[in-house]
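For reference, the structure discussed in these notes is given below.
The values are calculated or read from the model by the stated rules, or taken from the named source; none is laboratory data. No experiment lies behind these values; they were computed from the predicted model shown. FYI the Cβ positions are ideal-geometry reconstructions off the backbone, even for glycines, and counts take in every protein chain you see. SASA here: full protein model, heavy atoms, side chains in, ligands and nucleic acids out. Shrake-Rupley method; radii C 1.70, N 1.55, O 1.52, S 1.80 Å.
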Amino acid sequence: MESVSLFIDESGNFGTDGRFFTIASVRCDTNDCIRYNRAVKKASLKIKRRFPKSCTDNGEVKASLSNCISKDYMLRKIEHSCFRIDYITADLNYVEARLLNNQNILYNYLLTFLVKPVVINNSDLKRLTINIDNRTIKVGTERAFAEYIKGKIWVEYDRSDVDVTVKYFSSDRNYYIQGVDFVANAINARFEKENQYFTNLITNKIEVRVQFPYRNFGN
């Protein structure tokens, strides 16, 4: 895969409500991107018609507002259209308080667990585009994050040959990000609510599964 796009979103928060925090990534090549976008758009429009309460005031379908029927429908569409799904879930009971108080640093660090396998396991990779909901990164730190992840890829992972681009989108205008919202929500519910049903719908596409910190996770 010479060109890969990662679409990133998260579920949970950093300790103010709930124990777990999940970052999920839907991984696509060029052809997958087209299929994935069409699938999420179709599912989103159908959910809006049938279940208007699944939408925010600006018309964005959200997993946190959706019922079981909507989640099931959306995740099945995603499973049939994307290339790979990766995730990292953090057990916040075992994350140091100073990291929880510096959420951008923690988020950046956790995200490297999803980026690293893509870079080091694909020797033919030439272009990597990381697409993130612009509400995830604190305003004013977008450039710092881009420089951080490029430094990891080009220096620490020794892949200076990879062209790296970081893009930010408003999720209410981007079906790619809206789809990942459902994926992250499903995975986080597996740990937070011990509900594996929705994760099972996409399990065949999940490649990278990280539980952080590994030694104490879930204890």
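Tabulated data for the structure shown
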{"quantity": "Inter-part distance where segment 40-61 and segment 97-113 are each reduced to a Cα centre, Å", "calculated": "31"}
{"quantity": "Evaluated over segment 146-219, the Cα radius of gyration and Dmax, each in Å", "calculated": "16.2, 42"}
{"quantity": "Farthest toward positive dipole pole in the chain [+1 Lys/Arg, -1 Asp/Glu at C-beta], among Ser70, Ser123, Ser3", "calculated": "Ser70"}
{"quantity": "Fraction of antiparallel bridges per DSSP, segment 1-153 only, in percent to nearest 5", "calculated": "75"}
{"quantity": "With all protein chains modelled, accessible area of Lys116 [1.4 Å, Å²]", "calculated": "90"}
{"quantity": "Entries in Lys41/Lys71; Lys42/Lys71; Lys53/Lys77; Lys62/Lys205; Lys41/Lys205 that, when Cα-Cα distance is taken, lie over 25 Å", "calculated": "none"}
{"quantity": "Kyte-Doolittle mean at least -0.5, axial Cα span of 18 Å or more - DSSP H helices of the chain", "calculated": "103-120, 175-192"}
{"quantity": "Burial order of peptide ranges 195-205, 34-44, 72-82, 3-13 (average beta-carbon count within 10 Å, highest first)", "calculated": "3-13, 72-82, 34-44, 195-205"}
{"quantity": "Within straight-line cross-link reach of Lys150, lysines at Cα separation under 26 Å, skipping those fewer than 8 residues along the same chain", "calculated": "Lys116, Lys126, Lys138, Lys167"}
{"quantity": "Cα-based reach from Lys48 at 19 Å (exclusive), listing aspartates and glutamates while leaving out same-chain residues under 8 positions away", "calculated": "Asp57, Glu60, Asp72, Asp172, Asp181"}
{"quantity": "Prolate/oblate/rounded label for segment 158-201 (Cα gyration tensor, a/c 1.5)", "calculated": "oblate"}
{"quantity": "Tensor-based shape of segment 90-219 (alpha-carbon gyration tensor, a/c under 1.5 rounded, otherwise prolate or oblate)", "calculated": "rounded"}
{"quantity": "Prolate/oblate/rounded call for segment 1-125, Cα gyration tensor, a/c under 1.5 rounded", "calculated": "oblate"}
{"quantity": "Accessible-area composition of the chain, carbon plus sulfur, in percent [1.4 Å probe]", "calculated": "46"}
{"quantity": "Probe 1.4 Å, accessible area per residue of segment 75-219, Å²", "calculated": "52"}
{"quantity": "Cα-centre dipole for segment 81-212 with unit charges at Cβ (Lys and Arg positive, Asp and Glu negative), debye to 20", "calculated": "180"}
